[in-house]
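*Asks:* After the structure tokens below, expect a handful of questions from me.
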Amino acid sequence: MSKKLYLMGKSGAGKTAIALAFSLLWKEKGNEVGFFKPKTTGHNLYQSHDADIMLLKQVLGLNCKPERMGPLSHESTYIFGHSDHSGLIINKMEEMLDDCFREIADNTEIVMIEGGKSPGAGFSLSLDDFSLAKRWKAPVIYITNLRRDNDLDEILFYNNFIQAKGLYLIGNILNDVSPEMMDKVRNVYAPIIKEKGYSLLGIIPTNPSTSFPTVAEFYKALQGEILTGEDNMDAVVEDIGIGAMTTEGALRYLRRGLNKAVITGGDRSDMALCALESSTSVLILTGGLYPDVRVISRACEKGIPVILVHYDTYNTIKMLQGVVRQILPDDTETINLIKNIVSRHCHWDKIDEEMHSYSICTEQKNC
């Protein structure tokens, strides 16, 4: 019987990166590892091109077909009315998920299961992460970011709910913790989590090389015109600055952020030049207006990409909301960095031991 691990958490918590790191660490120990993402985020009910699935498939060299690794698109499920027809459709979904899961579990020693965009998504159809983890008798790790005190309340709520559902909670991983939050996480949040009786398996600090999107990902979201800086599209973007003020205060304001994207009108050459004198990863010019030649010349000198878009500043900002770092299968440097960071900051041995103990327990039907 294969060992299983269900990673739960909201979208953006870093489930895929941690699943990738865990899988690589197990593979280095000689284990055959499979990956299963029951609910993908595509727009077809049965689709096969989820980016996370393709990443794990290529990096781990998995033979399973993508449509078997991610058989159901949650974006295309909806709540049916009370009828025999709706019950048959839900049963068909459950049978399909079970069939795909068994195929992966029967051919691997360890199955990594990545949860959906939120643990409760699909609850009305009993296709939420809690129901699926119970269905496949998989122990759970809850992964989250910590940005404010309410996030701690959410961790404790989900931990309590996971256990109330009769699931085995191995513990929590606090991911992408900023330097500003690290002391509070270690000295305030961590003791509270432990006092409540829950295990803390790791505190992973933010790393700009793995946590922040690149200029290329901003360009992909905007589909604008690159005026210069094509060689530096892999630069990370840690912040976004809006250039809509007078030049007198602009430079002081722009110097506060590091490795930022600056969004300003194409006719604001004064603001663009100020941005190029600060720590700027990309300059985004709005309104479809080409800048003064001095802007292009200075950007070329400093190797800063300049992207021209035809949207206004407000809509440009909206289009960039939700842009996250997408790990590519051929980015071996980033993949190795993620593996090393997770290995260094997580209690890897404890996770492995807990999974092994739970696997034996369920096999002997003592759990």
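Every number in this text was worked out from the coordinates using simple rules, so none of it is lab data. Only a predicted model underlies this, so the values are computations on that prediction, with no experimental measurement involved. So basically every Cβ, Gly included, is an ideal-geometry build from the backbone, and we count neighbours across all protein chains shown.
*Asks:* Out of the trypsin sites (Lys or Arg not before Pro) in the range 253-339, which ones are loop residues according to DSSP with at most 10 other C-beta atoms within 10 Å?
*Replies:* Loop-located and lightly packed - none at all.
*Asks:* Turning to a different aspect of this structure: When the helices in the chain are scored as -39500 (n - 2.57) per DSSP H run of 4 or longer and the sum is shared across all residues, what 222 nm value do you end up with, to the nearest 500 deg cm²/dmol?
*Replies:* Dividing the helical sum by the residues of the chain leaves -13000 deg cm²/dmol.
*Asks:* With respect to the cross-link table entries K29/K365; K37/K92; K3/K117; K134/K165, which display a Cα-Cα separation exceeding 20 Å? Kindly include the intermediate steps, with their values, before the conclusion.
*Replies:* Working: K29/K365 27 Å; K37/K92 17 Å; K3/K117 23 Å; K134/K165 8 Å.
Over 20 Å apart, Cα to Cα: K29/K365; K3/K117.
*Asks:* Report relative contact order for the chain in percent, whole number only (criteria: Cα-Cα under 8 Å, sequence separation at least 6).
*Replies:* Working: 663 pairs, mean separation 64.8, N = 367.
Dividing the mean separation by the residue count of the chain yields 18 percent.
*Asks:* How long is the gain from S209 to H356 if the chain were fully straight, where each residue apart is worth 0.36 nm and the alpha carbon distance is subtracted? Intermediate results must be reported in sequence, preceding the final value.
*Replies:* On the way: separation 147, 0.36 × 147 = 52.92 nm, distance 3.29 nm.
The span from S209 to H356 would gain 49.6 nm if fully extended.
*Asks:* Something else about it: Starting from the Cα of V324, move 7 Å in the Cα-to-Cβ direction to define the label point; list residues of the range 53-71 whose amide nitrogen is under 14 Å from there.
*Replies:* From the range 53-71, the list is 53.
*Asks:* Given the peptides 101-114, 219-232, arrange them by the average over their residues of other C-beta atoms within 10 Å, most packed first.
*Replies:* Sorting 101-114, 219-232 by mean packing, highest first, produces 101-114, 219-232.
*Asks:* With bins 20 Å wide starting at 0, give me the P(r) of the chain over every alpha carbon pair, in whole percents.
*Replies:* The distribution over the chain is 27, 50, 22, 1, given as percents.
*Asks:* Give the calculated FRET efficiency between S178 and T332 to the nearest 0.05, with a Förster radius of 25 Å applied to their Cβ-Cβ distance.
*Replies:* FRET efficiency, S178 to T332: 0.40.
*Asks:* Another question, if that's okay. Please check: in the Gaussian network model of the chain (C-alpha springs, under 10 Å), which one of L127, L152, L20 has the largest mean-square fluctuation.
*Replies:* Largest GNM mean-square fluctuation: L152.
*Asks:* Further question: Take the Cβ-Cβ distance between Y314 and Y290 as r, set R0 to 30 Å, and report the resulting FRET efficiency rounded to the nearest 0.05.
*Replies:* Result of the calculation: an efficiency of 0.90.
*Asks:* Once label points are set 7 Å from the Cα along Cα→Cβ at both L258 and D151, what is their separation, rounded to one decimal in nm?
*Replies:* Going from the L258 label point to the D151 one covers 1.9 nm.
*Asks:* What is the distance in Å between the Cα centres of the range 272-324 and the range 190-210?
*Replies:* 37
*Asks:* Let me ask you something else. Treat the count of other C-beta atoms within 10 Å as a stand-in for reagent exposure and order E195, E94 from fewest to most.
*Replies:* E195, E94
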